[in-house]
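Take a look at the structure below.
Coordinate-derived values only; no laboratory data. Every value quoted in this text rests on a predicted model; they were computed, and no experiment measured them. Cβ sites come from the backbone with ideal geometry, for glycine too, and all protein chains shown count toward neighbours.
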Amino acid sequence: MTALVGIIANPASGKDIRRLVAHGSVFSNNEKINIITRVLRGLDALGIRHVLAMPDSFGLAVRAYENAGVSLRMTLLDMAVTNTSQDSTQAARMMVNAGVKCIVTLGGDGTNRAVAKGCGSVPLVPVSTGTNNVFPKMVEGTLAGFAAAVVSLEVEGVRESAIRPVPRLEILREGKLTDIALVDTVVYDERFVASRAIWDTSKICTVILPRVRTGTIGASSIAGNLPEAHLHNEHGAWLEVALGGDAIYSVLAPIAPGLMASVPIQSVRWLSMGEEGTVACSPAILALDGEREVPIVSGEKIRVRLSQEGPNVVDIGAALRAASQAGLFVSIN
Amino acid sequence: MGLSKETLLNLYDTMVKIRTFEERVGEMYYEGKLPAFDIAAGPIPGEMHLYSGQEAVATGVCANLQPDDPVTSTHRAHGHLIAKGEDLKKMMAEIFGKETGLSHGKGGHMHLFDPNLHFGCGGIVGGGIPQAVGAALAIKKRGEDRVAVSFFGDGAANIGAFHESLNLASIWRLPVVFVVEDNLYAISVPKSASTAVRSNAERGAAYGIPAVQVDGQDVLAVYEAAKEAIDRARRGEGPSLIEAVCYRFRGHFEGDPELYLAKGEKDKWKERDPINILGSQLKAQGLLTDAEAEAIQAKMTDLVAEAEAFARESPYPAPEEALEHLFA
């Protein structure tokens, strides 16, 4: 069976209000076309013959394919374009049904959250083209294409060494799963979604993380910068911010690109898989992976659970190591 | 953001006021023009470009402005001027070409000016952009803390004046906010057929100007971005660009057959009516009841009816005044 690869590129990423309130970089769609071009050339060079791509209103994938000069075939998914995050979720579902072995995503944490809702166990190669990105990495498109090809061709050892499951946070309303987050969930003292981003730390009531990592940006960095963070790589975290004067300490955290804040912490609880808790603050809004998404009206009970049902992610370096060890880059003269 | 209930309801009021005004003008416009369309006939002669559907953009931006902040607008200006706080009677009278109008009835719908509100508009696509930069230059040279705003469409972002204006505004670090109302079409030409970038927010980077894209159907998203952009301009931190993605509910002009639209496209956008979006959010938060929403609508209907009566009853300018009040 032909190894089929999917490409989901979000044309809306990289232009939100963090260009005004912080110093977020601008990611033009013409640069995304360049990146997809390089992904396609990487895939083609390692023998991928067929790619499925999400359609969008700017024609990112089509324009990249026209530039790429590759022999592989690209098919656009037959789906309506709504210009919302639902496109990415829908595209991921259709790619899974079509039997893709790997999906390359271009976007930010929000894009990957949308893809994660539809990709099941198909591994992702997330390429960062957003702002506060924790989930996707800044990586050269050519190498992302190589890694996706290596995974899709099921090169020996790659599944064991390069595909990593990641945890997720599950948002539960009346006990029912209504949404997910891959990087962080923030309870934000606002009532409206408005421009989506969060940057005012005085409004952060609670920060919940599916995993703790130092070296991130955004609300997740608040836990990542705690002295004991390195002891809890296998845990999630639930931090209550001290809104009054009862802080145990304050943490310097990069909340947005170039925007730092000292955040007073009231309590820290390290979460094990399956643990959950109740959001204490309402009315408020839940920001998922950096974007205000879910309004909580007064008195409404929302619970958040740490789960291991997150997507599988490709470690690009490990995938390329597996490929080189398998001799994929060598030909006998 | 932390908006008070009063501010939130003011935003709702303004959007309903604009919609009510525009829909009534849209009805009156056809008086005397049919059955064979005669553009010069009826109480409102000439072309007509209405703002229905885009209310969130004007409302969200202008709610952050003071009366003496200069605003330049386009051929589709009613919403901007209402949001800036114009008296509906003077506006309607001008649209009717009456002596009691803003320009004594000699400007009409596409040339609405009010020096008290520092507002001007015109039919030259992109013509208002360098004017706003000029106003911002004056503000800076005088050492004032005012901010100039220019509203224009995605079509205007493809003309030279846009690029020259961004360049000058950036190198002179002027207090100006550029607001691109991307309603997806330049008259009937889709942006995909006319514009080399998907988002005009991407063009800010070429001139070192912070630029954001917002949901132009959500007044709170527009408000929040506009507040940040206007505040930073007032602080002397220079220009910004906001691209508000929105949709016109009545076509480019009254009588537009809209043959260029995809089937069902407009209905899909009407599901995201900006008034309904804010109304639903306010109701969900217990800040607006159905009865209050109806009362706001009734109040705006009365205001527009008063403006209509004023315009209909007002005299036309006398023929001997034909050459007065003219700039050129």
Once both axes come from the Cα atoms, what is the angle between helix A:29-45 and the longest principal axis of chain A, in degrees from 0 to 90, rounded to 10? 50 degrees
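Compute for the stretch A:6-157: radius of gyration divided by Kirkwood radius, i.e. Rg/Rh, restricted to C-alpha atoms, rounded to two decimals.
Values: Rg = 14.3 Å, Rh = 15.1 Å.
Rg divided by Rh gives 0.94.
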Past 28 Å, Cα to Cα, is the threshold; run B:Lys33/B:Lys89; A:Lys32/B:Lys270; A:Lys32/B:Lys191 against it and keep the listed order. A:Lys32/B:Lys270
Using Cα pairs closer than 8 Å and at least 6 residues apart in sequence, work out the relative contact order for chain A, in percent. 19 percent
Size-normalised alpha-carbon gyration radius of the stretch B:198-328, reference 2.2 N^0.38 Å: 1.49
Would you work out the relative contact order for the stretch A:261-333, in percent, from Cα pairs under 8 angstrom that are 6 or more residues apart? 27 percent
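How many partner chain Cβ atoms sit within 10 Å of a residue's Cβ in peptide A:194-200, on average, as a whole number? Can you show the working numbers first?
Details: counts 14, 15, 5, 3, 0, 1, 2.
The mean count of partner-chain Cβ atoms within 10 Å per residue comes to 6.
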In degrees, nearest 10, the alpha-carbon axis of helix A:316-325 is tilted away from the dominant principal axis of the alpha carbons of chain A by 30 degrees
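What ranking, highest mean first, results for peptides A:2-14, A:65-77 when packing means the other Cβ atoms within 10 Å averaged over each residue?
Details: A:2-14: 25.0, A:65-77: 15.9.
Going from most to least packed, we get A:2-14, A:65-77.
Helix by helix, which DSSP H runs in chain B go 30 Å or more along their axis at the Cα atoms and have an average Kyte-Doolittle hydropathy of 0.5 or more?
Numbers: long enough: B:5-29 (36 Å, -0.48); B:290-313 (34 Å, -0.23).
Span-like helices here: none at all.
How shielded is B:207-218 by partner chains, expressed as the average number of their Cβ atoms within 10 Å of its Cβ atoms? Walk me through the numbers on the way to the answer.
Values: counts 0, 0, 1, 9, 4, 11, 7, 6, 5, 0, 0, 5.
Per-residue shielding by partner chains comes out at 4.
So how do A:Ile296, A:Ile248, B:Ile139, B:Ile39 line up by other beta-carbon neighbours within 10 Å, fewest first? Could you put the intermediate results ahead of the total?
On the way: A:Ile296 19, A:Ile248 10, B:Ile139 22, B:Ile39 14.
Least crowded to most crowded, the residues run A:Ile248, B:Ile39, A:Ile296, B:Ile139.
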Could you pull out every Cys in chain A that lacks a partner Cys with its beta carbon under 4.7 Å away? A:Cys102, A:Cys119
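Two decimals, Cα atoms only, Kirkwood Rh: what is Rg/Rh over the protein assembly as shown? All intermediate terms of the calculation are to be shown ahead of the outcome.
Values: Rg = 27.0 Å, Rh = 26.7 Å.
Taking Rh as the inverse mean 1/r over Cα pairs, Rg/Rh reads 1.01.
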Packing-based ranking, highest mean first, of B:291-298, B:92-99 given that Cβ atoms within 10 Å are counted: B:92-99, B:291-298
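Quick check on packing: order A:231-244, B:203-216 by the mean number of other C-beta atoms within 10 Å, highest mean leading. All intermediate terms of the calculation are to be shown ahead of the outcome.
Values: A:231-244: 17.8, B:203-216: 22.6.
Per-residue mean Cβ counts within 10 Å order the peptides as B:203-216, A:231-244.
So for the stretch B:5-314, what are the equivalent ellipsoid semi-axes in whole Å, largest first, each being the square root of 5 times an eigenvalue of the Cα gyration tensor? Before the final figure, lay out each step's value.
Details: eigenvalues 162, 97, 90 Å².
Gyration-tensor ellipsoid for the stretch B:5-314: 28, 22, 21 Å.
What's the exposure ranking of A:Thr185, B:Thr20, going from fewest to most Cβ atoms within 10 Å?
Numbers: A:Thr185 30, B:Thr20 23.
Ranked by crowding around the Cβ, least crowded first: B:Thr20, A:Thr185.
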Computed over chain A, the ratio Rg/Rh where both radii use C-alpha atoms and Rh is Kirkwood: 0.99
Round to the nearest 10 and give me the degree value, 0 to 90, for the angle of helix A:141-152's Cα axis relative to the longest principal axis of chain A. 80 degrees
Rounded to a whole number, the mean other protein chain Cβ count within 10 angstrom for residues of B:189-200 is 3
Averaged across orientations, what area in nm² does the convex hull of the alpha carbons in the stretch A:277-333 project? 6.4 nm²
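Based only on Cα atoms, what mean projected area does the convex hull of the stretch A:222-296 have, in nm²?
On the way: hull surface 23.8 nm².
For the stretch A:222-296, the mean projected area of the Cα convex hull comes to 5.9 nm².
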What fraction, in whole percent, of alpha-carbon pairs in the stretch A:124-197 exceed 13 Å separation? 77 percent
Apply the Debye scattering formula to the stretch A:96-224, with a single equal point scatterer on each alpha-carbon and no solvent, then give log10 I(q)/I(0) at q = 0.11, 0.15, 0.17 Å⁻¹. -0.45, -0.81, -1.00
One-quarter of the Cα convex hull surface for the stretch A:168-307, in nm²? 7.6 nm²
